[in-house]
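Engineer: Structure in structure tokens, see below.
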Amino acid sequence: MNPPNKSGWKPAMNATDQDGMHIGPATVSGNRALMLEEPLSFEIGHAEITGVDLPEIDPAAANRLGGLERSDPIGLVGLSEPETVRHYTRLSRQNYAIDLGLFPLGSCTMKHNPRLNEKVARMPGFADVHPLQPVDTVRGALEVINELAHWLIDLTGMHGVAMSPKAGAHGELCGMLCIRAALEARGDARKVVLCPESAHGTNPATAAFAGYETEDIPAGADGRVDLEALKARLGPDVAAVMITNPNTCGLFERDMKAISDAVHEAGGFVYCDGANFNAIVGKVRPGDLGVDAMHINLHKTFSTPHGGGGPGSGPVVLSEALSPYGPLPYTARTKDGVVHLIEEESAESFSEEHFGGVMDSFGRMTAFHGQMGMFTRALTYMLSHGADGLRQVAEDAVLNANYILRSLEDLLHAPYADSGPCMHEALFGDKDFGGDLSTLDLAKGMIDEGYHPMTVFFPLVVHGAMLVEPTETESKAALDQFIASFRSVAERANAGDESLKQAPYYAPRRRLDETQAARKPVLAWNDPNLT
Amino acid sequence: MRYLPLTDTDRSDMLATIGADSIDDLFTDVPEEARLDGPIHGLPMHASEMAVEKHMRRLSKKNLAAADAAFFLGAGAYKHHVPASVDHIIQRGEFLTAYTPYQPEIAQGTLQMLFEFQTQVARLYGCAVANASMYDGSTACWEAVAMAGRVTKRKRAVLSGALHPHYAEVVKTMAKFTGDTIADAKPSIQPEPDTTGLRDRIDEDTSCVVVQYPDILGRVNDLTEIAEAAHAKGALLVVVNTEPVALGAIKSPGEMGADIVVGEGQSIGVGLNFGGPYLGLFAVRNPKHVRQMPGRLCGETTDAEGKRGFVLTLSTREQHIRREKATSNICTNSGLCALAFNVHMTLLGEKGLRQLAAENHRLACLAADKLAQVPGVTVLNSAFFNEFTIVLETDARALVRKLAAKNVLAGVSLGRLFPDVDALSQGLLVAVTETTSEEDIDTLCSALKEELA
């Protein structure tokens with residue numbers, strides 16, 4: 001028998017109908033049928049329980065630990081396998097996910113994650129391979145990296161690609177470091193990076209980490225970069241411009257080519273945040289728009305799962321001017337068709353052939369070769385869709401977003417709807433809300449309707465912003481249902497329906513007190529019996 | 001196409017609702033000269049699930065899987081048994097296809113898991129607070145150096161020569177751009193690490209000393225003196241651990257005075273995956289340092305009805321709030337790998353982790369004893385956990401390639417890790433885990449005997 005739970009944790013009892021809602025009688029367990037409360041593993045586990053069968057420790061065995069045996073308790077608890085499976089299954093049911101419904105989180109591209117990708121990533125030849133195996137035993141893995149690299153280069157019309165960055169923000173850093181290395185190589189110490197106000201927070205954070213001061217680029221009334229204002233700011237101190245295209249208002253930067261030309265003329269580089277590539281994959285190649293570096297979130301456009309916050313993968317495509325500066329290690333195929341892994345010791349001999357000069361890598365960004373598990377998934381996805389299917393992806397993503405935009409613009413303030421179609425996401429503001437209701441209240445109302453809310457309060461350029469990205473993997477029926485819910489909650493918001501302020505009512509938790517969490521941080525479990 | 005639900009009828013109905021004649025009308029903002037008129041040339045067209053699986057399987061077969069060889073590689077990535085229930089749980093759609101928990105009322109599953117994960121990591125490391133994960137050990141290592149700079153307001157980091165060279169390279173790469181000074185060193189191939197030399201390199205400008213434990217040659221040594229030496233000069237001690245299983249047997253870095261402990265969590269739950277995705281772990285001993293930490297933190301709170309719940313907290317450190325003033329630019333981290341770690345660690349528990357560590361160490365001792373009997377092989381380490389260095393009388397890198405052809409993946413040659421250090425070219429790093437059988441050890445010994453004869 002398991003040792004008894006010593007923490008004294010009790011599930012929270014059901015609320016009474018304090019909001020005038022009929023929620024039925026309280027239950028002893030705190031559960032409500034399939035809505036199940038679950039304590040922390042630390043409250044139900046025990047140091048003596050384990051769900052893994054391993055040999056008993058021989059206390060008499062000699063060791064070679066240098067006298068550093070860990071004698072004090074670590075403080076971990078275990079559960080048997082059935083308890084473990086139940087614990088996490090019960091926790092999983094408190095999460096919203098794409099598999100449960102439309103996940104309209106703008107700029108995050110929450111599309112269906114095909115299960116073939118999962119199956120392929122688990123093939124032993126990919127999953128059970130060590131990064132430092134002799135290269136002759138991992139030629140297939142290197143081929144995957146190289147084949148994916150080719151797809152990315154062809155889809156973007158760029159010259160090279162750095163595969164090792166671990167996520168979008170890491171890719172941004174990679175691109176900015178390439179830019180800085182290229183500028184330094186020509187003895188040009190520029191200090192400033194320009195970012196639009198609508199940029200993702202990672203853009204200015206990355207530029208700062210790469211050692212640059214950031215300045216805002218003003219936006220025009222049409223939600224796009226103000227080309228003339230940008231031109232006026234360009235000069236010998238501007239290292240790069242970081243632009244998201246399509247931008248975070250869901251709009252295509254019509255002047256992108258003119259922007260690139262102006263930046264290049266002023267001696268700078270163009271970094272494009274590729275978070276929104278899903279809108280244009282197969283339709284437009286960023287290389288044709290003068291982009292010098294762009295990261296691609298494989299966990300957005302190319303369907304690798306978000307996993308509740310990663311892992312991601314952020315390869316960076318590079319122009320000819322930046323390719324020689326990309327990070328080590330990288331792969332290269334020689335004329336005999338063999339794919340090689342280039343690390344420092346062999347970099348020089350390969351650079352002559354591939355770059356017509358000496359490869360001048362800025363260095364290593366991560367211990368190994370990047371997110372192989374994401375590469376296999378992304379390549380599987382690309383092969384499934386093919387060049388024709390990927391083009392259809394962009395078209396359907398844009399079609400779905402415009403359908404939402406036009407189905408809601410009569411009810412909600414849509415700041416750029418008059419200027420033409422949107423791309424893959426539709427942007428709304430809180431201008432027409434009644435009372436003192438905010439975007440947050442509408443978002444929480446959507447939770448009660450059974451949806452994950454859209455991205456809220458971003459981009460910062462629109463008051464009370466709501467950014468809706470349906471993606472191409474939603475059916476028309478799913479969109480119509482979502483629109484019906486969204487309209488209903490928007491109508492309540494516009495009417496100043498105060499009950500929205502208490503939403504959500506039906507989620508596993510009511511609104512959580514974030515101020516309390518930040519004021520007195522509790523960041524690990526402490527045994528109440530010991531404190 | 002199987003992933004696209006819209007029918008052509010849907011598409012034309014929707015275009016009508018929008019008021020567009022064709023899909024091209026929705027792309028009019030793209031300058032005409034930049035619009036592609038059809039599928040990109042040179043790329044294949046769509047393919048069936050069966051065809052794609054076949055293609056990928058063919059590529060996977062060109063790799064030698066660790067389970068199909070006598071396998072002894074480590075150096076920052078270890079082959080451990082991952083219980084079947086771990087992979088089952090991380091494939092539940094509610095975890096797999098969720099986003100970062102920005103809406104906590106419908107993300108308590110992920111958030112509670114992260115809270116448990118943070119608690120496990122903090123306890124394993126002997127620290128007060130751990131974050132919700134970083135990309136991997138090497139990037140966590142750089143983030144620790146950057147954080148030490150923020151805490152001490154100094155810009156010179158001292159790296160031990162026995163730090164994983166790829167980790168040191170990541171730190172040096174980043175420092176080139178931030179203006180930090182990195183004082184590094186080459187490892188000395190001695191039975192014990194050169195702590196005196198390391199201590200002598202700490203000065204009044206040093207922000208932190210970075211040591212690996214167990215180190216890149218598999219050696220374990222007491223860090224208390226280094227911690228004291230660092231603290232005496234006002235510097236922090238950063239300890240890097242690449243094998244978390246070791247901490248089920250040897251003292252935690254926190255117990256020995258480490259201020260920031262970072263590492264690779266891949267060993268618990270994640271698998272080899274040819275180097276990624278992995279799991280960066282990051283913890284601090286002093287809770288006062290929490291506000292200088294990078295990455296996401298999950299904290300406990302209550303909801304409007306007083307029920308306990310969890311949220312992402314202290315986000316004023318992060319890029320989406322602070323933009324260019326953030327402590328790091330990290331956004332997406334390694335959430336699902338953190339779940340795998342959390343589930344595996346819950347299955348192990350205190351008892352299982354200690355047993356797992358003991359079994360790793362037992363087999364490593366056995367391997368070291370048997371290898372020491374092979375003529376031409378010397379075991380370097382006086383102390384180790386599950387990985388140690390052997391010194392051969394020949395170039396280890398060439399030997400590893402030869403043995404690979406015989407299905408023996410003998411280890412990681414120091415020549416591969418340190419191509420510029422000739423003195424290390426005869427060193428071979430051998431890792432042994434619970435997945436290593438005694439038969440594997442005998443296979444390695446006889447293959448070495450043959451090659452060295």
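What follows is calculated from the coordinates using simple rules that are stated; it is not laboratory data. In this text, all values refer to a predicted model and were calculated from it rather than measured experimentally. In this analysis, Cβ positions are derived from the backbone assuming ideal geometry, glycine residues included, and neighbour counts consider all displayed protein chains.
Engineer: With charges set only on the Cβ (+1 for Lys and Arg, -1 for Asp and Glu), what does the dipole of chain B come to about its Cα centre, in debye to the nearest 20? Display every interim value, and only then the final one.
Structural biologist: Working: 44 positive and 56 negative charges, 172 e Å.
Roughly 820 debye for chain B.
Engineer: Given points 7 Å out from each Cα along the Cα-Cβ axis, report the A:Glu265 to B:His320 separation in nanometres with one decimal.
Structural biologist: 3.9
Engineer: Of the DSSP beta bridges with both residues in chain B, give the percent that are antiparallel, rounding to the nearest 5. Present the calculation step by step, with values, prior to reporting the outcome.
Structural biologist: Numbers: 24 of 42 bridges.
Here the antiparallel bridges make up roughly 55 percent for chain B.
Engineer: Quick check on the protein assembly as shown: helices-only [θ] at 222 nm, where DSSP H runs of length 4 and up contribute -39,500 (n - 2.57) each and the sum goes over total residues. Nearest 500, please. Each step should come with its number before you reach the end.
Structural biologist: On the way: 28 runs with 340 residues, N = 984.
My calculation for the protein assembly as shown gives -11000 deg cm²/dmol from helical runs alone.
Engineer: Now for a separate question. Roughly what % of DSSP beta bridges within chain A run antiparallel, to the nearest 5? The partial results should precede the final answer.
Structural biologist: On the way: 20 of 37 bridges.
Of those bridges, close to 55 percent are antiparallel.
Engineer: Looking at the protein assembly as shown, send over the antiparallel percent of its DSSP beta bridges, to the nearest 5.
Structural biologist: Working: 50 of 85 bridges.
Rounded to the nearest five, the antiparallel share is 60 percent.
Engineer: For chain B, build the charge dipole from Cβ charges (+1 Lys, Arg; -1 Asp, Glu) around the Cα centre, then report which of B:Leu114, B:Leu223, B:Val377 sits farthest towards its positive end.
Structural biologist: Checked the options; the winner is B:Leu223.
Engineer: In addition: Using only the Cα atoms, work out Rg/Rh for the protein assembly as shown, with Rh taken as the Kirkwood radius, to two decimals.
Structural biologist: Numbers: Rg = 27.5 Å, Rh = 28.7 Å.
So for the protein assembly as shown, dividing Rg by the Kirkwood Rh gives 0.96.
Engineer: Okay, next question. Could you tell me which of B:Val145, B:Ala67, B:Ile90 has its Cα farthest along the dipole of the stretch B:48-163 towards the positive end, charges placed at Cβ (Lys, Arg +1; Asp, Glu -1), taken about the Cα centre?
Structural biologist: In the stretch B:48-163, that residue is B:Val145.
Engineer: Further, regarding this structure: Dipole of chain A, Cα-centred, from +1 at each Lys and Arg C-beta and -1 at each Asp and Glu C-beta, to the nearest 20 debye? All intermediate terms of the calculation are to be shown ahead of the outcome.
Structural biologist: On the way: 43 positive and 70 negative charges, 154 e Å.
Here chain A has a charge dipole of around 740 debye.
Engineer: Something else now. With only alpha-carbon pairs counted, each pair once and no self-pairs, how large is the Kirkwood hydrodynamic radius of the stretch B:235-339 in angstroms?
Structural biologist: Values: mean 1/r = 0.0635 Å⁻¹.
For the stretch B:235-339, inverting the mean 1/r across all distinct Cα pairs yields 15.8 Å.
Engineer: Could you give me D for the stretch B:49-127, from Stokes-Einstein at 4 °C and 1.567 mPa s, where the hydrodynamic radius is the Kirkwood radius over C-alpha pairs? Units µm² s⁻¹, please. Intermediate values should be presented prior to the final figure.
Structural biologist: Working: Rh = 16.6 Å.
It comes out at roughly 78 µm²/s.
Engineer: Quick check for me: using +1 on Lys/Arg Cβ and -1 on Asp/Glu Cβ, what's the dipole size of the protein assembly as shown about its Cα centre, in debye to the nearest 20?
Structural biologist: Values: 87 positive and 126 negative charges, 310 e Å.
Computed charge dipole of the protein assembly as shown: roughly 1480 debye.
Engineer: Which value does Rg/Rh take for chain B over its C-alpha atoms, Rh per Kirkwood? Working shown, then result.
Structural biologist: On the way: Rg = 25.1 Å, Rh = 24.3 Å.
When Rh is taken as the Kirkwood radius, the ratio is 1.03.
Engineer: Classify chain A from the C-alpha gyration tensor, please: rounded if a/c falls under 1.5, else prolate or oblate depending on whether a/b exceeds b/c. List each step's numbers first, then the result.
Structural biologist: Values: a/c = 1.90, a/b = 1.14, b/c = 1.67.
Here chain A falls in the oblate category.
Engineer: At a 10 angstrom cut-off on C-beta neighbours, averaged per residue, how do the peptides B:154-160, A:447-453 rank from highest to lowest?
Structural biologist: Descending packing order for the listed peptides: B:154-160, A:447-453.
Engineer: Sticking with this structure for a sec: Taking +1 at the Cβ of each Lys and Arg and -1 at the Cβ of each Asp and Glu, which of A:Gly187, A:Gly290, A:His385 sits farthest along the dipole of chain A towards its positive end, judged by Cα position relative to the Cα centre?
Structural biologist: A:His385
Engineer: Would you grab the residues whose amide H sits under 5 Å from the one on A:Val161? Only those 5+ places off in sequence or on another chain, please, with H modelled 1.01 Å from N.
Structural biologist: For A:Val161, whose amide H was placed from the backbone, the distant partners under 5 Å are A:Leu318.
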